[in-house]
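Asker: Mind having a look at this structure? Questions to follow.
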Amino acid sequence: MVETEHVAQSPPSASQARAQPPPSREREFTVPPAFLTLAEAVICHSDPARFDLAYRLLWRLQTEKHLLGDVSDPDIVRAHALQKSVGRDSHKMKAFVRFKELPQTGERRRFIAWFEPEHFIVARVAPFFQRRFTDMDWIIATPKGSAVWDGETLRTSDEAAEKPEIVDDTDDLWRTYFAHIFNPARLKVKMMQSEMPKKYWKNLPEVDLIPDLIRDAEQRVRDMAEREASNTAPKFHAALQKRR
Amino acid sequence: MKKSLRERLAVLSDAAKYDASCASSGTSKRDSSKSGGLGSTEGSGICHAYAPDGRCISLLKILMTNFCIYDCAYCINRSSSNVERARFTPDEVVWLTLEFYRRNYIEGLFLSSGIIRDSDYTMEQMVRIARDLRLKHNFRGYIHLKTIPEASAKLIEEAGLFADRLSINVELPTDAGVEKFAPQKHPANIRRSMGALKIKIDELSEPTHTRRRKRFVPAGQSTQMIIGAEPTSDATILKSSAGLYSNYSLRRVYYSAFSPIPDASKILPLIKPPLVREHRLYQADWLYRFYGFGMDEITAGKPDGMLELNIDPKLSWALSNRDRFPVDINRADKEMLLRVPGFGVKTVMSILMARKHRRLGLDDLGRLKVSIKKVKAFIEAAGWTPVSLIDRGDLRDMFAPPPEQLVLL
Ligand code: SF4
């Protein structure tokens, strides 16, 4: 490994370090950059053992230089599993945060979103929203911290926020869209649920439509089949035919 | 009485739901941190919701209007259909896109349209929507325009300056099919438009010395064909796709199982959409694009040219090419590892990495989340040789679920 980065000399805090004895004297840690990427994700996980795992990997890396490449090592497997879970949760956050508009007070429009992530990912994902929703002010509030953007600075905090009660009329248009873009002839409920796990449902404006859509699907398809093709075309069709 | 915006949204999203594509990935990476505007695209697209049909909702997929002067038999918007009609103004489409985007419902817009007045008039309005989003509103989200194939080259080119992706649908897998079911469309014109677009994309992606490359349809062009409206074999469909991929450098060919539509034309079969068949075609397409299979190889062992419905095409290929197995996971090259049923591209990359450290056994594969049960008949690993498994007559039964009939409605 050519590229290495230096890490501060006693990285994990005392409480995090309890799995291993502290280093006996000052020494320099060298870890491959890939470890930092991995560890940054791992420590966002809600598993209480995450710091022990990250710390153990750090120690093992001092003697096992190629540890990270050993993708069937149990510690690496576990770390990748945590990383994957954090990645998935982050991805779902990007997908399922729903902004609702607040009354405008200044020049910029203002929005707020309530989201319930599985892991401690607010600070990790907030810059994504900053890059995307740059021209509006917004707050993302969650039980695991919040993020605030005002057009100049992005601030994040770890404190649990409270759920705001806001109504946004545009949600109705979105619900209309959701109900109509669904093709009843192609019902695949399992597929939908594996991608949109129920744990994220409670904050999505569209999901309470789903039970009805599923229930009525068969009937809609049957109605469609039973209805004979009409024998009369609309008037403009006849006019068009003549034009040719 | 004029319909409200909400009523028209209902009609015009209903009309768009038969289009298979909702992808928003593969475009250039960009965001609004410098421009201070709205929107970003960061590599892979995001599905913001899933409809009960299991499809990802990533874009606001609507028609500008479902009035149409054409009469394509498979289409709910054909002029002879009694479907409810509606129309958005360009400004309304722009407004909906931006407001939906701000609430994080969508990645952007996928706009198509019935043809009103003539092709150029319709295309002009669509281009205007894309232009206004980009230039007036500083919008950097995703835009996919379904181009009107007969529109002038100049308009299609202008669309390319604002859209991430353009699609021109071939509609049906064979020319004869298009002539029969879409009498006002001409396969030759569709191909001409696709060819012209390819040339333009190639030309503008050549870096020049003096200027920065112009952004021009960074997510390329795609197309869609309807499956099951007429009797074409999978072999013919896949051959036609292979041609489209190589002649026009398409990013994607979408297969859309013909879906019964309200007030269907009488010349079409009234069946449940052949969803399994559609799924197998996508799998075959995937093998072609990412696994190094030739389209002809995939259907080679099938006398009627149809993919098997009860097992996936990769397994099907392996079962008819048993002499190529077992594959030694510690020595085989990447190409052959990719052909093992049960190994994905990621698995293969992990195997190649991990085997530098030690000889891999079945337990190592287990840790890579491979289903041992599925793959073990096809591989050799440390401590494992499949004893004559490959010669077993019942091998197929081990994998195949009992065959299912496609139900007639
Ligand atoms: S031109 Fe397009 S919208 Fe019009 S009938 Fe044909 S497929 Fe439908």
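Asker: Pairs needed: first member in segment B:101-116, assigned by TED's automatic domain parsing to the domain that holds B:G45; second member anywhere, within 16 Å of the ligand (Cβ to nearest atom) and among the hydroxyl-bearing types (S, T, Y); C-beta distance under 6 Å; at least 6 residues apart or different chains.
Answerer: Note: pairs meeting the criteria are B:S113/B:T65; B:S113/B:T122; B:G114/B:T65; B:I115/B:Y70; B:I115/B:T122; B:I116/B:T65; B:I116/B:T122.
Asker: Say whether the condition of being more than 11 Å from every other protein chain (Cβ to nearest Cβ), farther than 26 Å from B:K61 by Cα, part of a loop (DSSP other than H, G, I, E, B) and in contact with a Gly (Cβ under 7 Å, 6 or more places away or on another chain) is met by at least one residue in segment A:145-160.
Answerer: Checking segment A:145-160: at least one residue is more than 11 Å from every other protein chain (Cβ to nearest Cβ), farther than 26 Å from B:K61 by Cα, part of a loop (DSSP other than H, G, I, E, B) and in contact with a Gly (Cβ under 7 Å, 6 or more places away or on another chain).
Asker: So how many residues does segment B:65-123 have that are among the small types (G, A, S) and either away from chain A (no Cβ under 13 Å) or not in a loop (DSSP other than H, G, I, E, B) (or both)?
Answerer: Count: 4.
Asker: When the residues of segment B:5-26 are filtered to those that are in a helix (DSSP H, G or I) and of a type in the set (A, V, I, L, M), which remaining residue is surrounded by the fewest Cβ atoms within 10 Å (Cβ to Cβ)?
Answerer: The selected residue is B:L5.
Asker: For segment B:123-142, check the following and say yes or no: at least one residue is of a type outside the set (A, V, I, L, M), within 16 Å of the ligand (Cβ to nearest atom) and out of contact with any Gly (no Cβ under 9 Å at 6 or more places or on another chain).
Answerer: Looking for residues that are of a type outside the set (A, V, I, L, M), within 16 Å of the ligand (Cβ to nearest atom) and out of contact with any Gly (no Cβ under 9 Å at 6 or more places or on another chain), one finds at least one in segment B:123-142, hence yes.
Asker: Select, from A:I181, A:I214, the only residue that is in contact (Cβ under 8 Å) with a residue 24 or more places away in the chain, β-branched (V, I, T) and more than 21 Å from A:E101 (Cβ to Cβ).
Answerer: Only one candidate passes the filter, namely A:I214.
Asker: Another question, if that's okay. I need the full set of residues from segment A:60-101 which are in contact (Cβ under 8 Å) with a residue 60 or more places away in the chain, among the basic types (K, R) and facing chain B (nearest Cβ under 10 Å), in order please.
Answerer: A:K92, A:R98, A:K100
Asker: Take B:L38 and tell me if it is in the same structural domain as B:S112 (by TED's automatic domain parsing), within 16 Å of the ligand (Cβ to nearest atom) and at pLDDT 90 or above.
Answerer: Against the criterion (in the same structural domain as B:S112 (by TED's automatic domain parsing), within 16 Å of the ligand (Cβ to nearest atom) and at pLDDT 90 or above), B:L38 does not qualify.
Asker: Can you give me the number of residues within segment B:81-110 that are buried (at least 21 other Cβ atoms within 10 Å of the Cβ) and within 11 Å of the ligand (Cβ to nearest atom)?
Answerer: 1
Asker: In segment B:341-369, how many residues are closer than 16 Å to B:F290 by Cβ and part of a loop (DSSP other than H, G, I, E, B)?
Answerer: The qualifying residues number 4.
Asker: Here's another thing I want to ask about it. Please go through segment B:48-80 and give me each residue that is without any contact (Cβ under 8 Å) to a residue 12 or more places away in the chain and either within 16 Å of the ligand (Cβ to nearest atom) or of a type in the set (A, V, I, L, M, F, W, C) (or both), ordered by number.
Answerer: Residues satisfying the conditions are B:A51, B:S79.
Asker: In this structure, does B:S44 turn out to be at negative phi, surrounded by fewer than 20 Cβ atoms within 10 Å (Cβ to Cβ) and small (G, A, S)?
Answerer: Yes: the conditions hold for B:S44.
Asker: Consider A:W201 against the criteria (1) surrounded by fewer than 17 Cβ atoms within 10 Å (Cβ to Cβ); (2) in a loop (DSSP other than H, G, I, E, B); (3) of a type outside the set (D, E): it satisfies all of them except one. Which criterion is unmet?
Answerer: Every condition holds for A:W201 apart from (2).
Asker: Continuing with this model, one more query. Could you please let me know if B:I62 is crowded, with 23+ Cβ neighbours inside 10 Å and either within 11 Å of chain A (Cβ to nearest Cβ) or in a loop (DSSP other than H, G, I, E, B) (or both)?
Answerer: In short, yes.
Asker: Can you name the residue in segment B:138-175 that is of a type in the set (D, E) and not in a loop (DSSP other than H, G, I, E, B) and, of all such residues, is farthest from B:F110 (Cα to Cα)?
Answerer: Filtering segment B:138-175 for residues that are of a type in the set (D, E) and not in a loop (DSSP other than H, G, I, E, B), the one farthest from B:F110 (Cα to Cα) comes out as B:D175.
Asker: Take B:G39 and tell me if it is surrounded by fewer than 19 Cβ atoms within 10 Å (Cβ to Cβ) and on the phi > 0 side of the Ramachandran plot.
Answerer: no
The values are calculated or read from the model by the stated rules, or taken from the named source; none is laboratory data. If you're wondering where the values come from, they're calculated on a predicted model, not measured in any experiment. FYI the Cβ positions are ideal-geometry reconstructions off the backbone, even for glycines, and counts take in every protein chain you see.
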